[in-house]
Structure formats: C-alpha cells, structure tokens
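Worksheet: one structure, shown below.
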Amino acid sequence: MAYFAADFLKIVSMPLINIQASVPAVADANSILQELSSKLANLLGKPERYVMTSLQCGVPMTFAGDLSSTCYVEVKSIGALDGSRTHEVSELVCSHMEQKLGIPADRTYIVFEDVPARLWGWNGSTFG
C-alpha cells in the first residue's frame, strides 16, 4: 500500500487555486476557471481530474491603500511547487487574471503552499 501511495503522489499533486478578486462577478466565471484548471494541469504535468479552482468575486480589498481592482490567490499542492514551478505558476496566474479579469499583475499577490500529503483529505481519507 505504501508503494502505491508513493507512486500515486508522484503522479498527482492535488493542485488548488483559490482566487479572491475585488472585481464584480463575471458572467464567464466557469470558463475562466476551466481554462485555468487546464493550463495548471498542463504546466505541472498532472491529471486535471485532481485540479480544483475557485473564484470569489466582489471581495472588498485594498492593495497599497488603494481600492482599485486587486486579486489574492492561494495555490496549494502536494509537491510540484519548487522554486522554478512557483515562478511559472505566478506568470500563468497573473497573465490569466489580467486577461480575464482586467487585474494588473502588479496588483496580484499569490501565496504558494506545499501541503504534506497527510494533511490533504479526499474521498474519506488522506494522501499520506
């Protein structure tokens, strides 16, 4: 069983992107999330069936004391978030937010978290 779990985690990293944005709700939120899910899966080389995306619009936020459009993003994963990957994911997310929501990259914060497998639950169990 441990061998299976170790091999499984090499394939699957359970990426989650949680986006909070100050912009009002957008009509095409589902397509924005689906496109981001596909791009993240391709970038990380992981099956999209384990990628989760979330978008919350209309969140009251400031950045640098300014109420202009801004965005806070959390990217969590089991592995797959080494230094070069975080840079690539940052570029992907910032570009996507600017193109789809009109939020400039310099008004977007992204926090990356590499979650231990034992702390990530799914399907009534955990991955570690």
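The numbers here are math on the coordinates, done by the rules we state, and not lab data. Because the structure is predicted, anything quoted here is derived from the model rather than measured. For neighbour counting, all protein chains shown are included, and Cβ atoms are generated from backbone atoms with ideal geometry for every residue, glycine included.
So, with +1 on the Cβ of K and R and -1 on the Cβ of D and E, and no other charges, what is the size of the charge dipole of the chain about its Cα centre, to the nearest 20 debye?
On the way: 9 positive and 13 negative charges, 70 e Å.
Dipole of the chain, to the nearest 20 debye: 340 debye.
Give me the angle, in degrees from 0 to 90, between the Cα long axis of helix 83-101 and the longest principal axis of the Cα atoms of the chain, rounded to the nearest 10.
40
With each pseudo-label sitting 7 Å past Cα toward Cβ, what's the residue 123-residue 28 distance in nm, one decimal?
The answer from the label model is 3.4 nm.
Which value, in Å³ per residue, describes the convex hull spanned by the Cα atoms of the chain? The partial results should precede the final answer.
On the way: hull volume 14.5 nm³, N = 128.
Per residue, the Cα convex hull of the chain comes to 113 Å³.
Please report the antiparallel percentage of DSSP beta bridges with both residues in the chain, rounded to the nearest 5. Please report the intermediate quantities before stating the final value.
Working: 9 of 21 bridges.
In the chain, approximately 45 percent of DSSP beta bridges are antiparallel ones.
Order the peptides 68-74, 15-21, 56-62 from the highest to the lowest mean number of other Cβ atoms within 10 Å of their residues. Display every interim value, and only then the final one.
Numbers: 68-74: 18.9, 15-21: 21.6, 56-62: 12.6.
Packing proxy ranking, top to bottom: 15-21, 68-74, 56-62.
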